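Each remark here refers to the structure printed beneath this line.
The values are calculated or read from the model by the stated rules, or taken from the named source; none is laboratory data. None of the values given here were measured: they were computed from a predicted structure. Neighbour counts are summed over all protein chains in view; Cβ atoms, including those assigned to glycine, are modelled from backbone coordinates with ideal geometry.
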Amino acid sequence: MHRILLAYSGGLDTSIAIPWLRERYGAEIITVTVDLGQGREIAALHERALALGAVRAHVLDAREEFVREYILPTLQAGAVYEDRYPLATALARPLMARCLVEIARMEGADAIAHGCTGEHNDQVRLEASARALDPSLTIIAPAQSWGMSRDEKLAFARTRNIPVPEASEGVYSIDTNLWGRAIAAGGLEDAWVEPAEDIYTLTRSPRECPEEPAYVELAFEAGVPVRANGVEMPLLELIESLEIIAGAHGVGRIDVVENRLAGIKAREVYEAPAAVVLHTAHKELEKLVIPRELERVKHDLSRIYADLVYSGLWFSHTRETIDAFVAAVQPRVTGAVRLKLYKGDCRIVGRKSPFAEVAPAAAAAADPQAV
Ligand code: ARG
């Protein structure tokens, strides 16, 4: 092993991994940090990685690609895991793997390393994706092989001059990108306990929401959301704007016990204001324009698609084939949906489309027998 590419988040584990991997394998360490809308200062991580001994530190902005090639197809497929989780974390992993594999080839690295620890799901997704793209690369999971306790990690960090994050960090396990935020651990394991209000950062408590509802009219063209309240926006900006509006009205809090890949059920809390609004709207518009049988087929495929994404099977023939099917449905998904956001509630109050299959009101009134 002479050159290892490390997925670098800037956290304690991946910071420790830089000197640890270098010492353990005698290899050059090159880091890669991918910006997927984590909402953290990513640019500073370049300096930090170099200061910790990385020979090169790549920082990539993959937000556009994330939106266009991962979020949009998933939205159009209507894929929401177990009807609740919009898959933000699960969707990010294949893209991270793609960036890693690409840079590994460019840099001539023979291994890629990642900081996954207890969250088995993420490791499965990252490794399955990397293997699907390039089976020749060795995969190393340092945070699993070093067997250090938190205290031992802190001691290791001190001897290598690694800045240690504040104590407040580490209570919860949090993963954020522009499609949503996941919060686990820190006491949330007990599925009976109500989450503390301060875990939420994207959504306001219904108690503090405005007294007046917000109306959002979302226009779609061929399955792509293109306008909010008449303002045309690229999808990335639209997602960011919806996160702010829906979050301010408390929309997008999701508290679930989900079936993890390891076969256990685990409690997880999500905040996904934009994803909730967009899925609600897209689903409603599609329902308006497609026949009943197609609705049923689409419904089944949505569930399969969500399971595939959750299971790390993004780079698969099955996913690509469902994408082709979904794409064939989208040209009709043109029109608008009107939503009312109010104290945590996201309610559909109107929908229209030139392809609507509903009987026009005038025709029904003219011939009441026909209804
Ligand atoms: N359970 C979710 C998933 O498997 C989120 C995982 C990341 N969560 C976290 N708190 N770090 O996709």
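Among the residues of the stretch 79-117, the ones that are within 23 Å of V256 (Cβ to Cβ), of a type outside the set (D, E, K, R) and in contact (Cβ under 8 Å) with a residue 60 or more places away in the chain come to 13 in all. What tally of residues in the stretch 263-278 results from selecting those that are within 16 Å of the ligand (Cβ to nearest atom), under 18 Å from the mean Cα position of the chain (by Cα) and not hydrophobic (A, V, I, L, M, F, W, C)? Here the count works out to 4. Against the conditions (1) within 12 Å of the ligand (Cβ to nearest atom); (2) surrounded by 14 or more Cβ atoms within 10 Å (Cβ to Cβ); (3) outside any helix (DSSP H, G or I), V257 satisfies every one except (2). I139 meets all of the listed conditions (1) modelled with pLDDT of 95 or more; (2) under 20 Å from A88 (Cα atoms); (3) hydrophobic (A, V, I, L, M, F, W, C); (4) in a strand (DSSP E or B) but one, namely (2). Of everything in the stretch 14-34 that is closer than 23 Å to W179 by Cβ and not aliphatic (A, V, I, L, M), the residue that is surrounded by the fewest Cβ atoms within 10 Å (Cβ to Cβ) is T14. Number of residues in the stretch 55-74 that are surrounded by fewer than 21 Cβ atoms within 10 Å (Cβ to Cβ), within 25 Å of F325 (Cα to Cα) and of a type in the set (A, V, I, L, M) equals 1.
Just one of the numbered conditions (1) touching a Ser or Thr at 6+ places or on another chain (Cβ under 8 Å); (2) at positive phi is not true of E82: (1). If only residues of the stretch 174-231 that are over 19 Å from A275 (Cβ atoms) and aromatic (F, W, Y) are counted, the one that is farthest from the ligand (Cβ to nearest atom) is Y215.
R98 meets the stated requirement of being closer than 23 Å to E320 by Cβ and not hydroxyl-bearing (S, T, Y). You will find that of G10, G37, the residue that is without any contact (Cβ under 8 Å) to a residue 60 or more places away in the chain and within 16 Å of the ligand (Cβ to nearest atom) is G10 and no other. In the set (1) within 29 Å of E23 (Cβ to Cβ); (2) surrounded by 21 or more Cβ atoms within 10 Å (Cβ to Cβ), the condition left unmet by G37 is number (1).
Okay, residues lined up against (1) in a loop (DSSP other than H, G, I, E, B); (2) modelled with pLDDT of 95 or more; (3) farther than 27 Å from V251 by Cβ:
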position: V329; (1), (2), (3): no, yes, no
position: R338; (1), (2), (3): no, yes, no
position: L341; (1), (2), (3): no, yes, no
position: I348; (1), (2), (3): no, yes, no
position: R351; (1), (2), (3): no, yes, no
position: P354; (1), (2), (3): yes, yes, yes
position: A359; (1), (2), (3): yes, no, yes
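Answer with yes or no whether G247 is surrounded by 13 or more Cβ atoms within 10 Å (Cβ to Cβ), more than 12 Å from the ligand (Cβ to nearest atom) and within 18 Å of the chain's Cα centre (by Cα). Spelling it out, G247 is indeed surrounded by 13 or more Cβ atoms within 10 Å (Cβ to Cβ), more than 12 Å from the ligand (Cβ to nearest atom) and within 18 Å of the chain's Cα centre (by Cα).
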